[in-house]
Amino acid sequence: MKFSSEMAYKSADEMMFGTAKKPVKAKRGLVFGGGHVIPEVVPHPRPGSEKTMKSLLREYERANGDALERCVIVGHPQLMIENEHIFQMTHNPKWGGEIAAQTAKQMDDYLQKYGLKAAYRSTIADLRKPDMVNMRDSDYTREVLESFEECAKYADIISIESMGGKEVFDHAIIRNDIAGLLFGQAVLGGIDMEWMWNQIVAIAKKYNCIAGGDTNCAEANTAMFMAGGFLSKDVPHTLAALSRAICASRTIVAYECGATGPTKDCAYEDPIIKSVTGVPISCEGKTSACAHADLCGNVIAAVTDVWSNEAVEYHDMFGGTTTAVFTEILGYDVAAMNAAIDLGYQKEFQACLVNSDKYRGCHGFMLSPDNAWQIGKALVDNNASLYSRGKAAAMKCGELMLGDPKLKLTVFEKESLEGYMKDMKALPAKETDFIDMCLKKYSKVKGFQPKAYGL
Amino acid sequence: MKYLTDYSNIFTRFDLNIEVARQAARKVSKDELLQRVADAVVKGDDEESAKLTKEALQKKAPMDVINEGLILGMNEVSRLWDEGVYFLPQVILASDAMNAGICLCEEAMGKAMDKKGKVVTHTAEGDIHDIGQVIVNALLNANGFEVINLGADVPVDKVVEACRLNNPVMVTGTALMTTTMTAFPKIASQLKRLGLNIPFVCGGGAVSEEYVTSFELGVWGKEANQASGMAEDALSGDTWQTMRGKWNG
């Protein structure tokens, strides 16, 4: 695997929602990043439906079917549906495969009957928890890979939210330990991603399926959720932002192994990824409020190619089922963005999105296209190793946060950030020295097995 | 790109409005050496805490080092956390520092320190998202409870058996997804059948108050940092019904 060495975009000014340097075409006519934004709805099954394959198939038939139907009812021309596997769907690979086959048929029927263009993303659950199993050699590992095989036969896109490095990350994030984040996310996460994604890309090629992408949901999103909003005192927002910058070093590995996007929606690092790779990205923001809050609900759409709602549990609302309702909302958001594109107002629309959140908080600030691009540039300019590029991305993120007076920080946040910057500056320059230091420092972290990462 | 100069119509940074003034930790011990032990806990420095504990053990009885140094330091950390000066990582680091000292004191005593009570914690079967449980474990530990940590992806029977064997004051369950929290009512019903009417505090990403209060024994835990307060209530003899009345709607 070759580390990225140049930027796909010469400047942030070039980056725009709806268009990617390397668009991806799916069967049934969708083109991700081909000039317009596509909505992505993510139904989640109700508790109890997971009891049998039959009950789960029925649940998804309804949930996914309602989304397709709502498109036709209100006139949305395109839709991606993602099903993130619950435990049972990956643990029993045939279940995930059957659901993918059923959904593909539903989409074929809607294309034939109405001309609705749709695509299906199957996101396999990473059952491997590092402190519970050997990441490379366990029954769960085999089930994950087998699930990819089953789903790639029918899905348009396959993805995963991989877990490499989580045992060290969990230990570090609640201890203000920036070195632990670098080791867990950038180094261990990146190593595990390369091991996993070479196999995923091979499986996708075998079945003529699209290898979509990965996300650092298990780590950077954990940090972001723990940082919370303006009332939370769990994790500093500045630390969550640095975690986000670091994770770009591992998430990008999927694309360096041959994945093409569209990327995973909950990878908030996607604007950084797009600046470097040019792949089409899926993002979530205000319309993922059904799943969680965030402080970048609009700015995250500034350069997106697919607009998602993260996940919504299937049940009734006044306006219909949740998947129908959110499909309608997402589709209208996307219609406005696409109208801006076709009217030539996309720059102005983008400016509105950015101004909504750039100074709302640290995540909005660092994921604003101009800053995301600079963080991406730091990553490619320091690409000697997973560690060096992760650290460079974090340092750049920290410099940007401290250097812009319009980003207001509480005294606590500023002191915390200055502390993290100081800690990073004191770390070894070379990855080998850093790994040696970390293998000693984290040797007692519950479940950390260096050999599970080939160390 | 055009940028605004005034964002007051766009968002309000409420965190800046409610920012608590930075304040130093207070002195908590009358003894100078034990105050330094407490300071190490407040700073979250486990190496310093161990070093100073060793020094203190040469002059003081282990239980005095624990009660007049380590625990007083942790109490000061709890105060700073309650007042919004400290964030969670500082509490966790302080807990690590306190435990580093307690380990040495227990070695000196030749036995483990008496804990307030036992709490069994687990993350639901089929669910590996356990950071909420990690935080609960650390906070319970920091507040003097013995944590029987069953880990993640724990079968129902194993949770019930752990409760039967350990007779805890409380049991907790964490789940991120609605499709894994379905294990909780099964645990509750088995506990009831065994006559173990232990408050069963359930929380996590998709776990709702409505769901948890739909079965007996269930008390909804909105946030991990409520765990130690709930454990204190359970320890003092509150039933699950009383706890539900206090902590839930």
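The values are calculated or read from the model by the stated rules, or taken from the named source; none is laboratory data. What you see is a predicted model; the values in this text were computed from it and never measured. Note that each Cβ is placed from the backbone with ideal geometry, even for glycine, and that neighbours are counted across all protein chains shown.
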So which residues in the range B:6-39 are more than 9 Å from every other protein chain (Cβ to nearest Cβ) and either in contact with a Pro (Cβ under 8 Å, 6 or more places away or on another chain) or not in a loop (DSSP other than H, G, I, E, B) (or both), if there are any at all? B:32, B:33, B:34, B:35, B:36, B:37, B:38, B:39
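Go through the range A:35-153 and tell me which helices (runs of 4 or more DSSP H), entirely inside it, have 3 or more residues that are over 22 Å from the mean Cα position of the chain (by Cα).
Numbers: elements: A:53-74, A:87-91, A:93-114, A:139-152.
Qualifying helices (runs of 4 or more DSSP H): A:53-74, A:93-114, A:139-152.
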Out of all the residues in the range A:15-28, which are under 17 Å from residue A:337 (Cα atoms), out of contact with any Ser or Thr (no Cβ under 6 Å at 6 or more places or on another chain) and of a type outside the set (Gly, Ala, Ser)? A:15, A:16, A:19
For the range A:297-336 the number of residues that are more than 14 Å from chain B (Cβ to nearest Cβ), in a strand (DSSP E or B) and surrounded by fewer than 20 Cβ atoms within 10 Å (Cβ to Cβ) is 3
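Just to verify a result, which residue in the range A:154-164, among those that are among the aliphatic types (A, V, I, L, M) and in a loop (DSSP other than H, G, I, E, B), is modelled with the lowest pLDDT? Outline the logic, then answer.
First, the residues of the range A:154-164 that are among the aliphatic types (A, V, I, L, M): A:155, A:157-158, A:160, A:163.
Now drop any that are not in a loop (DSSP other than H, G, I, E, B), which leaves A:155, A:163.
Values: A:155: 98, A:163: 94.
Ranking the candidates gives A:163 first.
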For the range A:399-409, indicate whether the set of residues that are more than 24 Å from the chain's Cα centre (by Cα), within 14 Å of chain B (Cβ to nearest Cβ) and free of Cβ contacts under 8 Å to residues at least 12 places away in the same chain is non-empty. yes
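Out of curiosity, is residue B:85 within 14 Å of chain A (Cβ to nearest Cβ), modelled with pLDDT under 95 and touching an Asp or Glu at 6+ places or on another chain (Cβ under 8 Å)? Spell out the reasoning first.
Values: within 14 Å of chain A (Cβ to nearest Cβ): yes; modelled with pLDDT under 95: yes; touching an Asp or Glu at 6+ places or on another chain (Cβ under 8 Å): no.
So residue B:85 does not fit the description; no.
Kindly indicate whether any position in the range A:375-392 is aromatic (Phe, Trp, Tyr) and in contact with an Asp or Glu (Cβ under 6 Å, 6 or more places away or on another chain).
Keep residues of the range A:375-392 that are aromatic (Phe, Trp, Tyr), which gives A:387.
Filter again for in contact with an Asp or Glu (Cβ under 6 Å, 6 or more places away or on another chain), leaving A:387.
Yes - at least one qualifying residue is present in the range A:375-392.
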What is the number of the single condition among (1) away from every other protein chain (no Cβ under 11 Å); (2) at pLDDT below 95 that residue B:45 does not meet? (2)
For the range B:137-146, what are the residues that are of a type in the set (A, V, I, L, M, F, W, C) and touching a strand residue (DSSP E or B) at 6+ places or on another chain (Cβ under 6 Å)? B:140, B:145
Between A:367, A:386, which is among the aliphatic types (A, V, I, L, M) and either under 19 Å from residue A:221 (Cβ atoms) or within 12 Å of chain B (Cβ to nearest Cβ) (or both)? A:367
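Regarding residue A:233, is this residue free of Cβ contacts under 8 Å to residues at least 60 places away in the same chain and more than 24 Å from residue B:176 (Cβ to Cβ)?
Against the criterion (free of Cβ contacts under 8 Å to residues at least 60 places away in the same chain and more than 24 Å from residue B:176 (Cβ to Cβ)), residue A:233 does not qualify.
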Of (1) in contact with a Cys (Cβ under 6 Å, 6 or more places away or on another chain); (2) closer than 28 Å to residue A:225 by Cβ; (3) away from every other protein chain (no Cβ under 14 Å), residue B:196 satisfies every one except (2)
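Condition check ((1) surrounded by fewer than 24 Cβ atoms within 10 Å (Cβ to Cβ); (2) in contact (Cβ under 8 Å) with a residue 40 or more places away in the chain; (3) among the basic types (Lys, Arg)) across all residues:
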site: A:135; (1), (2), (3): no, yes, no
site: A:153; (1), (2), (3): yes, yes, yes
site: A:157; (1), (2), (3): no, yes, no
site: A:160; (1), (2), (3): no, yes, no
site: A:165; (1), (2), (3): no, yes, no
site: A:179; (1), (2), (3): yes, yes, no
site: A:186; (1), (2), (3): no, yes, no
site: A:206; (1), (2), (3): yes, yes, yes
Check the range A:440-454 and report whether any residue there is more than 14 Å from chain B (Cβ to nearest Cβ), exposed (fewer than 14 other Cβ atoms within 10 Å of the Cβ) and in contact with a Leu (Cβ under 7 Å, 6 or more places away or on another chain). yes
Criterion violated by residue A:339 - all others in (1) part of a helix (DSSP H, G or I); (2) within 14 Å of chain B (Cβ to nearest Cβ); (3) aliphatic (A, V, I, L, M) satisfied: (2)
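Residue-by-condition table, conditions (1) of a type in the set (Phe, Trp, Tyr); (2) surrounded by fewer than 17 Cβ atoms within 10 Å (Cβ to Cβ); (3) at the interface with chain A (Cβ under 10 Å from one of its Cβ atoms); (4) not in a helix (DSSP H, G or I):
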| residue | (1), (2), (3), (4) |
| --- | --- |
| B:54 | no, yes, no, no |
| B:81 | yes, no, yes, no |
| B:101 | no, no, no, no |
| B:122 | no, no, no, yes |
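Given the criteria closer than 16 Å to residue B:90 by Cβ and small (Gly, Ala, Ser), does residue B:29 qualify? Please lay out each step first, then the result.
Values: closer than 16 Å to residue B:90 by Cβ: no; small (Gly, Ala, Ser): yes.
So residue B:29 fails the test.
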Which of the residues belonging to the range A:346-378 are outside any loop (DSSP other than H, G, I, E, B) and under 17 Å from residue A:228 (Cα atoms)? A:357, A:362, A:363, A:364, A:365, A:366, A:367
Only one of A:182, A:145 is over 30 Å from residue A:79 (Cβ atoms) and of a type in the set (A, V, I, L, M); which? A:182
